[in-house]
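The values are calculated or read from the model by the stated rules, or taken from the named source; none is laboratory data. All values derive from a computational prediction rather than experimental measurement. Cβ placement follows ideal geometry from the backbone for every residue including glycine, while neighbour counts extend to all protein chains displayed.
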Amino acid sequence: MLDAAEFVEVAVPLFIIINPLVVLPNFAEMSQQLDNRHCSLLSLRTSVSAFLLLAFFIFIGRPFLNLIGVSTEAFMIACGLLLLSIAMGMLSGNPPTTRNVEFDSTSIVPMSIPLLAGPGSVATAIVLTEAHGAGIVFAALVLSMVLSAFIFDRYRTIMHYMTRNGINAWTRLSSLFFAAIAVRLISEGILLMR
């Protein structure tokens, strides 16, 4: 049976790392020339493709790490350092994940990969799976992607009420969450190595 407290403990950091609100301006840019039907298809394609990639790593991540000889502790520290780097980029208003990427409404790049299912999301999914098991992380991923699709489907309303300044403020606030999760992963990884 799914433990509610543990589910929240997994779902909240996973959703914060996936962070569809931060991606919303990019989605709006790609959707501005699309009608409602094609905009909904873009939302669905973005969410489903990101879901499939992250689900793959939830179930295959540990065997893959074993194959390349990486311990859980080392991966946690590497994941923490990566998230800390992303947090610093977000805090400076220059997220590193969108550099040199062409926006195209017919592809899954960059909306699904690397914006929703980027290296931070993949690493966090694997680390959470190590700590809590694949079932609960998979359930949290389903919830995160349903919420992401909902947010993308209503991007005009959300952008209207939040405004560009509100989205920018949320991005800066999210960077603090990223940094806190990163520090936790690094510290836990170091403690486990002892």
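Below is a table of values for the structure above.
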item	result
Some residue of the range 8-20 being within 19 Å of HIS160 (Cβ to Cβ) and surrounded by 21 or more Cβ atoms within 10 Å (Cβ to Cβ)	yes
Residue within the range 74-93 that is modelled with pLDDT under 80, of a type outside the set (Ser, Thr, Tyr) and assigned to a loop (DSSP other than H, G, I, E, B) present	yes
Matching entry among ILE58, ILE113, ILE136 (being modelled with pLDDT under 95 and either closer than 24 Å to ARG184 by Cβ or surrounded by fewer than 22 Cβ atoms within 10 Å (Cβ to Cβ) (or both))	ILE113
Some residue of the range 28-44 being at pLDDT 90 or above, in a helix (DSSP H, G or I), of a type in the set (S, T, N, Q) and buried (at least 19 other Cβ atoms within 10 Å of the Cβ)	yes
Verdict on VAL70 being over 26 Å from ARG164 (Cα atoms), outside any helix (DSSP H, G or I) and β-branched (Val, Ile, Thr)	yes
Output for the range 108-125, where each listed residue is over 12 Å from the mean Cα position of the chain (by Cα) and either without any contact (Cβ under 8 Å) to a residue 60 or more places away in the chain or within 14 Å of ILE181 (Cβ to Cβ) (or both)	VAL109
Breaking point among (1) in a helix (DSSP H, G or I); (2) at pLDDT below 90; (3) under 27 Å from PHE59 (Cα atoms); (4) not basic (Lys, Arg), for ILE167	(3)
Subset of the range 151-179 (residues that are more than 15 Å from VAL22 (Cβ to Cβ) and loosely packed, with under 15 Cβ neighbours inside 10 Å)	ARG154, ARG156, THR157, HIS160, TYR161
